Amino acid sequence: MKEKIKMWAISVLFAALLLGTVTVPASATDYYCFAEWVNNYAYPDQLKYNDENARGFYNQLTSKTPWWGTYVYGNSQAEERHWKDPSKSGSGIDYIYADNAHFAYFSGHGCPEGIAFSSSRDDTLLHYNDALWGNTKMDWITLDACQVLQESTHENWENAFDGLHSMTGFHTACHDVPDRGTNFARRMDGTRTVQPVITAWFMAAKDTEPSTTYAAALAPESCWSDYVYGHGSQGTPGTVFKYEKRQC
């Protein structure tokens, strides 16, 4: 529907320009999301539902104004360098991919040191030292992967914040499920409720995980209650961080 409206608007604008009678209004601001997923791992094991999980988030969020999608890639097309800042490596191109979107979502294997890929470009692990997010566009990132935000090591991610508003993930291992991404987006975009990003993440995790799982979030205190664009207000990133893990 949005594409049809855009094509109609472009046709009308073009006709008006030919007649020399148009005053072009300021356009509404658009916001973008990016997602990647991996199922086909050589190690430690194959996963099944990360494609549905990541695409569910991407498709749901981009179905609502003012959100649009940039890329959703999976398996060998999902690459570590898409999330790596060029200042960390000359081959890092996050400014084209993950950091060129306001919301980035990854679904796959993880560990306290980072997130794992099946492609070896640049390598198969995006380490927290490779990341510097928010210096292009990124405001929020969800790493839907095991133990990425483990309580004992979460502070390692604070240096990845360079304008980033929040990071959400898991303190413990999590399960391979198809619908957490959709559930998460629906809690933020008004389809189910309109909740702040971090609240929506904790609730989506609770809906899709047993009570033995703990979800987690890390953010500057000033951004802890951020809503996504179009559905509420946002804070300005500060330097005092807050971390929370919550039982599902």
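Worth a mention:
- Any hit, region 31-52, residues being hydroxyl-bearing (Ser, Thr, Tyr), surrounded by fewer than 18 Cβ atoms within 10 Å (Cβ to Cβ) and not in a loop (DSSP other than H, G, I, E, B): no
- Test set (1) more than 20 Å from Ala42 (Cα to Cα); (2) of a type in the set (S, T, N, Q); (3) assigned to a loop (DSSP other than H, G, I, E, B) - Ser118 fails condition number: (1)
- The residues in region 201-248 that are within 13 Å of His165 (Cβ to Cβ) and touching a residue at least 24 places away in the same chain (Cβ under 8 Å) can be counted, and the count is 18.
- Residue within region 60-79 that is in a helix (DSSP H, G or I), of a type in the set (Asp, Glu) and either in contact with a strand residue (DSSP E or B) (Cβ under 7 Å, 6 or more places away or on another chain) or surrounded by 19 or more Cβ atoms within 10 Å (Cβ to Cβ) (or both) present: no
- In region 93-119, the residues that are under 21 Å from Asp139 (Cβ atoms) and modelled with pLDDT of 95 or more form Cβ pairs under 6 Å with partners that are assigned to a helix (DSSP H, G or I) and of a type in the set (S, T, N, Q), at six or more places apart or across chains, as follows: Ser107/Asn50; Ser107/Asn53.
- Looking across region 147-175, the residues that are buried (at least 17 other Cβ atoms within 10 Å of the Cβ) and either part of a loop (DSSP other than H, G, I, E, B) or modelled with pLDDT under 95 (or both) come down to Gln147, Val148, Leu149, Gln150, Leu164, His165, His171, Thr172, Cys174.
- Candidate set: region 184-195, residues that are in contact (Cβ under 8 Å) with a residue 40 or more places away in the chain and not hydroxyl-bearing (Ser, Thr, Tyr); chosen: the one farthest from Asn50 (Cα to Cα): Gly190
- Qualifying residues in region 185-212 (those that are of a type in the set (A, V, I, L, M) and farther than 13 Å from Ser225 by Cα) - the one nearest to the chain's Cα centre (by Cα): Ala185
The values are calculated or read from the model by the stated rules, or taken from the named source; none is laboratory data. None of these values were measured; they are calculated from a predicted model. Ideal geometry is used to build each Cβ from the backbone, glycine not excepted, and the neighbour counts take in all protein chains shown.
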